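Q: First, the structure itself, so that you have it in front of you.
No lab work stands behind these numbers, since they all come straight from the coordinates. Note that the structure is a prediction, hence the values are computed from the model and not measured. Cβ atoms come from the backbone with ideal geometry, glycine included; neighbour counts cover every protein chain shown.
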């Protein structure tokens, strides 16, 4: 069997969460030994993927792979013919959409790896309302096409599966849960961040409005202004993701462009990770923190309910009282209900070995 996989997320942003799942899936497919793997992507001139993946002759800048014209040219113009030429039996789209718009007759099975449906249910961040409207229309068309055309859909949580079924009733019967793979982070580097205090809380990921970072900052600052001694906050993201007055609050530290080793040091040095998202399809930072033995505090009401150990600190992400109570309960010196070993053990559910076993099961379950 010849298996094709959409490799564009790795070309476009190799360190992103989606790209990391594509790489994990690639390794799982190779480990399963069920066929020959062929990668499909677009890439600029000189990019190494032009030698290792099946790409259109026309080069495309990595920063433009997500744009409507490039996506439609790939999925409508290039991909159907390329799949036929390569004799692909099974094709896996890896970024919420991406199945060929014209299915070649030789393609026996199509799988959609769907991380979440927030592109359809929540407002995103765009430079203008015009761009938002264009991308919204494109997402509705391409995701809808992929959901209808897929023979199987793999999604990382029951929450995402339920959200998908609410939008596309026919999707439920062909949707299975494939929890994300979260391998251990690299060892922490040996260079402490001298600008950070000895004790701090950490948040990773700030861009999308659903991450709910302004709400966390507001409640944290309100308690500090009232005299409560809370640790400083370290946010991995861009200060432009929140209002200017929140970005420069005393005790707020922004970090970006980190290596895996630097991120690992931040996780290991934090008293706690806070994940206040109002909607989350999986919650990669939570598992990364647990894998480093760092306690977590998570919002309720999405996939975070599924992946987080039962004794973890939880709060309602829309209730200021609930979040403030959690912030107060987490002050330094509070006795943890879980040991470091128990936290690390909880993260092992998402290690590479169980992920690869689940991929092998799902391959066996595909319609013949």
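Q: Test of understanding: ordering 222, 264 by Cβ neighbours within 10 Å, fewest first, what list do you get?
A: Ordered from fewest to most neighbouring Cβ atoms within 10 Å, 222, 264 come out as 222, 264.
Q: Does anything in the range 258-292 have its amide N under 18 Å from the 7 Å Cα→Cβ label point of residue 305, and if so which residues?
A: Under cut-off, by backbone N: 275-284.
Q: Is it possible to state the helix-based mean residue ellipticity at 222 nm for the chain, with each DSSP H run of 4+ residues giving -39500 (n - 2.57), the sum divided by total residues, to the nearest 500 deg cm²/dmol? What is it?
A: -11000 deg cm²/dmol
Q: I've got another one for you. When only alpha-carbon atoms count, how far does the chain stretch along each of its three principal axes, as whole angstroms with the largest first?
A: 68, 44, 44
Q: Let me check against my output: what whole-number percent is the relative contact order of the chain, with C-alpha pairs under 8 Å and at least 6 apart?
A: 14 percent
Q: Provide the three semi-axes, in whole Å and in decreasing order, of the ellipsoid equivalent to the range 200-350 as defined by the square roots of 5 times the Cα gyration tensor eigenvalues.
A: Largest first, the range 200-350 gives 21, 17, 16 Å.
Q: Taking the alpha carbon gyration tensor of the range 32-181, what are the square roots of 5 times its eigenvalues, largest first, to the nearest whole Å?
A: Here the semi-axes work out to 24, 22, 14 Å.
Q: Express the Stokes-Einstein translational diffusion coefficient of the range 1-101 in µm² s⁻¹, to the nearest whole number, given a Kirkwood radius over alpha-carbon pairs, 4 °C and a viscosity of 1.567 mPa s.
A: Rounded to a whole number, D works out at 96 µm²/s.
Q: Something else now. Quick check: the angle from helix 352-365's long axis to the longest principal axis of the chain, C-alpha only, nearest 10 degrees?
A: Roughly 40 degrees between the two axes.
Q: On C-alpha positions alone, give me the angle between the axis of helix 158-167 and the longest principal axis of the chain, in degrees, nearest 10.
A: 60 degrees
Q: Okay, moving on. Sort 59-72, 169-182, 246-259, 199-212 for me by packing, meaning the mean count of neighbouring Cβ atoms within 10 Å per residue, highest on top.
A: Those peptides, ordered most packed to least, come out 199-212, 169-182, 59-72, 246-259.
Q: Follow-up question, since we're still on this one. How far apart, in nm, are the 7 Å Cα→Cβ label points at residue 198 and residue 244?
A: Going from the residue 198 label point to the residue 244 one covers 3.7 nm.
Q: Which residues in the range 269-310 place their backbone N less than 20 Å from a point set 7 Å from the Cα of residue 316 along the Cα-to-Cβ direction?
A: Within reach of a label on residue 316: 275-280, 297-306.
Q: While we're here: Using only Cα atoms, figure out Rg for the range 33-76 and give it as a multiple of 2.2 N^0.38 Å.
A: 1.24
Q: Another question about this same structure. Test of understanding: in a Gaussian network model of the chain with alpha carbons linked when under 10 Å, which of 141, 118, 282 would top the mean-square fluctuation ranking?
A: Top of the fluctuation ranking is 141.
Q: Given labels modelled 7 Å from the Cα in the Cβ direction, how far is it in nm from residue 57 to residue 228?
A: So the label points at residue 57 and residue 228 sit 6.5 nm apart.
Q: Can you tell me the FRET efficiency between residue 81 and residue 353 if r is taken as the Cβ-Cβ distance and R0 is 51 Å, rounded to the nearest 0.05?
A: Step by step, r from the Cβ atoms, then E = 0.85.
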